[in-house]
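Any read-out appearing in this document is the output of simple, stated calculations on the displayed coordinates, not a laboratory observation. No experiment lies behind these values; they were computed from the predicted model shown. Neighbour counts are summed over all protein chains in view; Cβ atoms, including those assigned to glycine, are modelled from backbone coordinates with ideal geometry.
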Amino acid sequence: MLQTRDLVKHYHVGREVVRAVDGVSLSIAAGEFVAIYGPSGSGKSTLIDLIAGFQAPDSGTALVDGRDVAKLSECEHAEYLLRVLGIVGQPSELMPAALARENAALKLLRTDPRNATRLVEPLLVELGLGERMAQPTNKLSMGERQRVMIAQALSMNPRLVLADEPTGNLDTRRSREVLELIRTLCRERDAAVLLATHDPQAAGFADRVHELRDGRLREYEPDEVYLYATGAPAEP
């Protein structure tokens, strides 16, 4: 589903070369939940941007369903963002005065504006927002807003979901709920998930975890990962 091959993206800051992504090769199958773990500045967001097509790599490829994302035309890239990719971003990206269901239906408004909010309502109910969907987004809790972001990301049944620090502003209980929802809904829909996180507990939700440091993937040491399902540390 997703395959990156020797993906490279470097930045020049003065005389210094920042190797944000430095030869990353990664594969994720449909229905698989994979986490990229690393501290801030390790290159996680740059990797997400390359896969989303928001930046072009210096070299290497990011293939989604066999298509090189960097070679998509402007029109093809717009369709890719709309129909193939779902991005679970930060609640701050929502329109605060719009109703929850209006924010959740943002992508559907481009394909079926007359029925967009009606079509997204069953997903909001599944996400536990059935009684909150008619509320202005700025009246929702942070956890509820994050679930609106999930609904928006999944509204078009994407093949690939990118989640960049989706629990960064949530407490432990809300983080667990959000990650459970992403994992469950994506498995039901056979969507691949790439989670970028600096939280070892969030990484514990994934089927596989890779560590990204200084732009390079390396073997992840799982002794710091705590499995939310049990509340116990992972086996070393």
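Counting Lys +1, Arg +1, Asp -1, Glu -1, what net charge surrounds residue 168 among other residues with beta carbon under 12 Å of its beta carbon? Intermediate values should be presented prior to the final figure.
On the way: positive: 44, 174; negative: 164, 165, 171, 199.
Around residue 168, the surrounding residues sum to -2.
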Counting DSSP beta bridges with both partners in the chain, what percentage is antiparallel, nearest 5?
55 percent
So which chymotrypsin sites (Phe, Trp or Tyr not before Pro) in region 23-81 end up in coil per DSSP with only 16 or fewer other C-beta atoms within 10 Å?
54
Among 175, 40, 155, the residue with the largest mean-square fluctuation in a Gaussian network model of the chain built from Cα contacts under 10 Å is 40
Whole-angstrom gap from region 1-76 to region 119-198, using each part's C-alpha centre
23 Å
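For every other residue with a beta carbon closer than 9 angstrom to the beta carbon of residue 197, add +1 if it is Lys or Arg and -1 if Asp or Glu, then tell me the sum. List each step's numbers first, then the result.
Numbers: positive: 44; negative: 164, 165, 199.
Around residue 197, the surrounding residues sum to -2.
Can you compute the FRET efficiency between residue 27 and residue 198 using 1/(1 + (r/R0)^6), with r the Cβ-Cβ distance and R0 = 30 Å? Round to the nearest 0.05.
0.85
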Can you tell me how much longer the chain between residue 131 and residue 92 gets when fully stretched, taken as 0.36 nm per residue apart minus their C-alpha distance, in nm with one decimal?
11.9 nm
For region 159-207, state what percent of all Cα-Cα pairs lands in each successive 10 Å bin, counting from 0 Å until the bin that includes the largest distance.
26, 61, 13
Taking Cα pairs under 8 Å and at least six residues apart, what relative contact order does region 2-221 come out at, in percent?
31 percent
For mean projected area of the Cα convex hull in nm², which listed value, [x] 13.3; [y] 12.4; [z] 14.6, comes from the coordinates shown?
[x]
